[in-house]
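A short write-up of the structure that comes next.
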Amino acid sequence: MADVLEGITFAVRTRKYCGGGSIDIVIRNIPQEWGYTTGVEDRGNERRTATAALKALLDELRPVHGADNYDGSDLRTDHFDVNYYGGVRAEQPEGWAGSI
């Protein structure tokens, strides 16, 4: 992460609620030309995706996010047992919907 562009910031938010809690890491102030590319999908619609550099940064942060987590859940018995929920995401440029 030492080569992350100047100006990119990281926000960490924790939430506690009945049944658990979550930790979310959000990457902000991503220069559009560094973090995103626009292409055309097979149906001819415009599609915005993360660049390889942004995907690599997201992949590098995921182990940091999950370092103190565990997952003892058993979906067969509807038993959910994790230390926390949440994830890592990149903030989209203004006017874009969704998350990467």
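Of a type in the set (A, V, I, L, M), surrounded by 14 or more Cβ atoms within 10 Å (Cβ to Cβ) and under 14 Å from R89 (Cβ atoms) - does that describe any residue in segment 8-20?
Checked segment 8-20: at least one residue is of a type in the set (A, V, I, L, M), surrounded by 14 or more Cβ atoms within 10 Å (Cβ to Cβ) and under 14 Å from R89 (Cβ atoms).
Can you tell which of R43, R28, R89, R48 is of a type outside the set (V, I, T) and free of Cβ contacts under 8 Å to residues at least 40 places away in the same chain?
Going through R43, R28, R89, R48 in turn, just one is of a type outside the set (V, I, T) and free of Cβ contacts under 8 Å to residues at least 40 places away in the same chain: R43.
Looking at segment 37-51 only, could you name the residues that are loosely packed, with under 11 Cβ neighbours inside 10 Å and either among the small types (G, A, S) or part of a loop (DSSP other than H, G, I, E, B) (or both)?
If the condition is that a residue be loosely packed, with under 11 Cβ neighbours inside 10 Å and either among the small types (G, A, S) or part of a loop (DSSP other than H, G, I, E, B) (or both), then G39, E41, D42, R43, G44, N45 are the ones that fit.
Output the residue which, of all residues in segment 84-100 that are at pLDDT below 85 and either among the small types (G, A, S) or surrounded by 13 or more Cβ atoms within 10 Å (Cβ to Cβ) (or both), is farthest from the chain's Cα centre (by Cα).
G95
Restricting attention to segment 60-85, report how many residues are outside any loop (DSSP other than H, G, I, E, B) and either closer than 14 Å to F10 by Cβ or polar (S, T, N, Q) (or both).
So the count comes out to 6.
Do we find that R89 is touching a strand residue (DSSP E or B) at 6+ places or on another chain (Cβ under 8 Å), of a type outside the set (A, V, I, L, M, F, W, C) and in a strand (DSSP E or B) in this structure?
Yes: the conditions hold for R89.
Do we find a residue being modelled with pLDDT under 90, surrounded by 10 or more Cβ atoms within 10 Å (Cβ to Cβ), within 18 Å of the chain's Cα centre (by Cα) and not hydrophobic (A, V, I, L, M, F, W, C) anywhere in segment 75-82?
no
The values are calculated or read from the model by the stated rules, or taken from the named source; none is laboratory data. Model, not experiment: these values are computed from the prediction. Note: ideal-geometry Cβ built from the backbone for every residue, glycine included; neighbour counts use all protein chains shown.
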